[in-house]
Amino acid sequence: MARILIAPTTNKSVKDKLSKLLRAENHVVFDSNANAPEESHVDPTFSNWTPKEAVSSLLGDTAEKCAYADLERDMRLADACLLFFPASQDAAIMAGWFAAHQKDVVGVVSGNGKLPTLAFMTTHLCLDVDDVAEAFSDR
């Protein structure tokens with residue numbers, strides 16, 4: 001059994017399919033988006049924030065701060081990160097954290113198939129759902 005954190009992705013259908021598959025194989029799956037509030041839910045005028053207001057929002061006792069604390073807890077608990085390509089900046093930073101902590105980064109190729117340099121930091125590179133299942137089969 002592996003504890004797997006799914007990095008942020010806009011490909012919800014693939015993420016949901018892989019979450020179900022991995023849970024069916026008795027893995028623990030954390031969703032990095034599970035506790036993340038939308039800025040617009042916290043403050044409808046977030047897009048007009050000054051840098052000082054944005055920093056204040058992160059440093060104050062806010063929903064964002066709680067969400068980041070929850071995400072950090074999940075990252076520490078997880079054995080591996082599941083990363084979808086193309087990856088967002090947030091997902092790339094998360095994958096870098098996993099690599100720096102000598103944890104597995106399993107990449108899933110999607111979209112146009114072009115791989116960024118980030119792909120070279122993965123411990124497994126998967127082309128489809130079966131490859132992902134195989135990457136975690138020995139745990």
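Numbers below:
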quantity	calculated
Distance between modelled label sites at Thr117 and Trp49, nm, 7 Å Cα→Cβ extension	2.9
Cβ-Cβ FRET estimate between Asp138 and Lys65, R0 fixed at 30 Å, reported to 0.05	0.20
Sequence-separation-based contact order of region 3-135, relative, with Cα cut under 8 Å and 6+ spacing, percent	26
GluC sites (Glu not before Pro), loop per DSSP, at most 15 other Cβ atoms within 10 Å - longest free stretch of the chain	39-139
For region 63-84 and region 113-139, distance of Cα centres in Å	20
Where Rh is the Kirkwood radius over Cα pairs, Rg/Rh for region 70-139	0.95
Amide N proximity, region 95-129 versus Gln89 label position 7 Å along Cα-to-Cβ, cut-off under 19 Å	95-98, 116-119
Scattering profile of the chain at q = 0.17 Å⁻¹ [log10 I(q)/I(0), Debye over alpha-carbon scatterers]	-0.93
GNM result for the chain, Cα springs below 10 Å: residue of Leu59, Leu115, Leu82 fluctuating most strongly	Leu59
Interchain or long-range residues, amide H under 5 Å from Val105's placed H	Cys81, Thr123, His124
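Each reported figure results from applying straightforward, stated rules to the coordinates on display, with no laboratory input. As the structure is a prediction and not an experimental result, all values here were calculated from the model. All Cβ positions, even for glycine, are placed from backbone atoms using ideal geometry, and neighbour counts span all protein chains on display.
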